[in-house]
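See structure below.
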Amino acid sequence: MKAVKFFEMSTEELNQKLNEKKADLFNLRFQHATNQLENPAKLTECRRDIAKIKTILRQRELGISVEPQATKTKSRKR
């Protein structure tokens, strides 16, 4: 997943996604150990996604980046 997608998520969504990715990584490691993993590149991709999420969470914690605000739809008058 691209980092831009992660930047668009709220902190709560990122924490939820981080837990999902950690569970996926556990399952991928288990499949790899039992020689059932078809695409070993998924391990690397999952680890990188976890790193991206942790980086964004840390940036928000330090105040380097901010959580996206809910966008309001503007009505146009013609």
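Just so you know, all these numbers are worked out from the coordinates, no wet-lab data involved. None of the values given here were measured: they were computed from a predicted structure. Glycine gets a Cβ as well: all are built from the backbone with ideal geometry, and neighbour counts include every protein chain shown.
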*Return one number: the angle in degrees, 0 to 90 and rounded to the nearest 10, between the long axis of the Cα atoms of helix 11-33 and the longest principal axis of the Cα atoms of the chain.*
10 degrees
*How long is the chain along each principal axis, judged by its Cα atoms, biggest number first, in Å?*
62, 34, 16
*Name the residue farthest towards the positive end of the dipole of the chain from the options Thr55, Met9, Leu28, assuming +1 on Cβ of Lys and Arg, -1 on Cβ of Asp and Glu, about the Cα centre.*
Met9
*What order do you get for Met1, Met9 when you list them from fewest to most C-beta neighbours inside 10 Å?*
Met1, Met9
*Working from Cα positions, state the angle (0 to 90°, nearest 10) between the long axis of helix 41-62 and the longest principal axis of the chain.*
40 degrees
_Counting only helical runs of four or more DSSP H residues, what would the 222 nm mean residue ellipticity of the chain come to if each run contributes -39,500 (n - 2.57) and the total is spread over all its residues?_
-21500 deg cm²/dmol
_Under the 0.36 nm per residue contour assumption, what length would be gained going from the current alpha-carbon distance of Glu13 and Glu38 to full extension?_
6.1 nm
*Count of Lys pairs (Cα-Cα under 20 Å; at least 8 positions apart or interchain) in the chain*: 24
